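Quick notes on the structure that follows.
The values are calculated or read from the model by the stated rules, or taken from the named source; none is laboratory data. Being a predicted model, the structure only gives us computed values, none of them experimental. We place every Cβ from the backbone using ideal geometry, glycine too, and count neighbours over all the protein chains shown.
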Amino acid sequence: MSVEAPPAARGDSAVESGAPVVELKDVSCRFGKNFAVEHASLSIYPGEVLGLVGDNGAGKSTIVKMISGYISPTSGTIEVMGAPVSFSSPRQAREAGIETVYQDLAIVSEMSLWRNFFLGQELFRRVLGIPFLRVSEMVRVCDAHLAEVGLTSVRSARQTAATLSGGERQSLAISRANYFESRLLLLDEPLAALSVRETRRVLESIEAVKAKNIGVLYIDHNMDHVLPAADRIAIMHRGSISRVVHKGDLSVDELSDAVAASGTEDHVG
Ligand SMILES: Nc1ncnc2c1ncn2[C@@H]1O[C@H](COP(=O)(O)OP(=O)(O)O)[C@@H](O)[C@H]1O
Ligand SMILES: [Mg+2]
């Protein structure tokens, strides 16, 4: 069962624009006999960061994989901008404006930064009907965005991604959502194994994305990171969304307690 608090009124860009970017309606995902996600309902609004927290194995990554087209729900409906979707690949989800940043898979080390930035969405020019990559244009755009997200140690978009630190990779991946004006950015534990400074930078790039009215689903097991970044927080337990709270409703300690308590009692209100 899921009980969802509506987004806060007053000055909330999500409420002003009304419709959610993505809505999960009674979605389940079963692997063999086990349900990774069971009857989950969830909405993410434009310009809001929805935190998703819960124990290991609660089903958080499965939610992300269903929205991003890696796996299909066993039952239930996913709607993007009010229309039901059933993506058969991550590429389809991306074309619908859904950008995903995974802990490890965000960036291909062997490729140049600009290649990574435009992966699957390259800019082309046609000459006599033949498509040519607009390389210098892509390098220029990528250089500008690297500067914008504060990647000052990067000399050129032509260097390979192997030269980037973990935090720099995440910032590059997040800045893609910004450039392509995605509707929704899915972040599955983007801060794992990052330094304090890198963490701060990545959190700043999340803010920049939010300011563009992009909806963000942000998974992190560190409540100290989630609470400042999120507008609302959904708590998951054993495949179900047990509670959705507003940022101001709980302190970091209370949120940690709520996650722990979701394992011992049934929150249905
Ligand atoms: N491809 C899969 N095949 C079988 N079981 C899976 C698969 N992916 C996830 N699971 C199971 O589904 C549950 C939820 O996993 P996951 O969504 O990764 O949780 P979380 O991200 O919250 O830690 C776990 O019990 C996990 O073992
Ligand atoms: Mg996970």
Does residue 24 satisfy the criteria of being closer than 17 Å to residue 238 by Cβ and either within 7 Å of ligand 1 (Cβ to nearest atom) or touching a Lys or Arg at 6+ places or on another chain (Cβ under 9 Å) (or both)? no
Which of the strands (runs of 3 or more DSSP E) found entirely inside segment 196-269 contain at least 2 residues meeting this: among the small types (Gly, Ala, Ser)? 240-246
Single condition residue 208 does not satisfy, out of (1) within 16 Å of ligand 2 (Cβ to nearest atom); (2) out of contact with any Leu (no Cβ under 8 Å at 6 or more places or on another chain); (3) of a type in the set (A, V, I, L, M): (1)
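Of all strands (runs of 3 or more DSSP E) completely enclosed by segment 51-153, which ones contain at least 1 residues that are out of contact with any helix residue (DSSP H, G or I) (no Cβ under 7 Å at 6 or more places or on another chain) and away from ligand 1 (no atom under 16 Å from the Cβ)? Lay out the reasoning, then the answer.
Working: elements: 75-80, 83-85, 98-101, 124-127, 130-133.
Result: 75-80, 83-85, 124-127, 130-133.
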For residue 185, indicate whether it is within 18 Å of residue 145 (Cα to Cα) and at pLDDT 90 or above. yes
Would you point out the residue of segment 154-167, among those that are in a helix (DSSP H, G or I), over 16 Å from residue 209 (Cβ atoms) and not β-branched (Val, Ile, Thr), that is nearest to the chain's Cα centre (by Cα)? 166
